[in-house]
1. When region 42-70 is examined, which residues are found to be farther than 25 Å from Gly9 by Cα, surrounded by 13 or more Cβ atoms within 10 Å (Cβ to Cβ) and among the β-branched types (Val, Ile, Thr)?
2. Restricting attention to region 134-148, which residues are more than 28 Å from Asn111 (Cα to Cα) and not charged (D, E, K, R)?
3. I'd like to check something: does region 230-237 contain any residue that is touching a residue at least 60 places away in the same chain (Cβ under 8 Å) and on the phi < 0 side of the Ramachandran plot?
4. Please list, ordered by first then second residue, the pairs with beta carbon atoms under 6 Å, 6 or more apart or interchain, first in region 252-273 and under 30 Å from Phe200 (Cβ atoms), second of a type in the set (Phe, Trp, Tyr) and open to solvent by 80 Å² or more (accessible area, probe 1.4 Å).
5. Please give the number of the condition Tyr93 fails out of (1) under 27 Å from Asp124 (Cα atoms); (2) among the hydroxyl-bearing types (Ser, Thr, Tyr); (3) open to solvent by 100 Å² or more (accessible area, probe 1.4 Å); (4) not in a loop (DSSP other than H, G, I, E, B).
6. Looking at region 232-250, is at least one residue surrounded by 12 or more Cβ atoms within 10 Å (Cβ to Cβ) and more than 21 Å from Ala149 (Cα to Cα)?
7. Please find, within region 71-90, the residue that is nearest to Leu107 (Cα to Cα) out of those that are of a type in the set (S, T, N, Q) and open to solvent by 80 Å² or more (accessible area, probe 1.4 Å).
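The values are calculated or read from the model by the stated rules, or taken from the named source; none is laboratory data. If you're wondering where the values come from, they're calculated on a predicted model, not measured in any experiment. Note: ideal-geometry Cβ built from the backbone for every residue, glycine included; neighbour counts use all protein chains shown. Quick note on the areas: whole protein, heavy atoms, side chains included, nothing else; ligands and nucleic acids left out. Shrake-Rupley method; radii C 1.70, N 1.55, O 1.52, S 1.80 Å.
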Amino acid sequence: ESFFNGSDGLELEVSGIARIKEDSVSDFLSPGFKYHPTLTDLYMENAVNSDIAEAQKDSEISVRSGTPMTENQKTDFLQQIGADKTPSSIQIYPVSFSAKDEVTEHLDAYNEDKSEDEEVIYTDIASIVTDLTGDIIDGVSYVLIAFSAISLIVSSIMIGIITYVSVLERTKEIGILRSLGARKKDISRVFNAETMLIGFTAGSIGIFIAYLLTFPLNWIIKALVDDIGNIAQLPLYAVFLLVFVSVFLTFIAGLIPARLAANKDPVEALRVD
């Protein structure tokens, strides 16, 4: 009681309480009391001239534990009790990512001609989080690409099988076309055109479904994160690229069945019921 009611004490008044919003996504407030700069200056002034600080500055023995101290340990102790005004770290909160980049560029420019002891060591938390998130997204993307590749291979095999079944079912038609003067490459072109048409139709349907899915995805993301919108997009170049890939894969899948159809003997083909 005598400690708190002493004549050297200061009476403080709480002027406000800061709380995180319940629906806040991130939390940058640390717990504890926040003082006015004038109180901080007064505390530092008193700490520098305090008896314990003066005693520790003139001694290599810890005044708290009585054990020997190194120069770094003494500096750390003086900083803990507020007797050393040298800042150990500075926290910077840029207003945007572009402002963050300007700060890091300025620090990098400052460190260019400095020795290792004089360099400003900084940690870009936002960059670390971004890189970590990017690595996670890349990992997920690789897995999705692998599944997509497997799906494309299986689909190509199925298209090849379907085209081969179509060749078997239309053997008599192939024989009639050959007997009417159709060349082997004409027969091959018929089935190649059919497989490419299948690829174009399937690719167009897939693109249309993907485009429709961007709307609910953007709505969900915007509902979860207020500042992010329209992150799911389908660029025009991707539309043409995906359709081309679909047509190309179906064309490759139908080459063997088309070649088999072209090499059928017209006489044997006409005998098929």
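1. Ile61
2. Matches in region 134-148: Ile136, Ile137, Gly139, Val140, Ser141, Tyr142, Val143, Leu144, Ile145, Ala146, Phe147, Ser148.
3. no
4. Pro257/Tyr164
5. (4)
6. Looking for residues that are surrounded by 12 or more Cβ atoms within 10 Å (Cβ to Cβ) and more than 21 Å from Ala149 (Cα to Cα), one finds at least one in region 232-250, hence yes.
7. Here the residue is Ser89.
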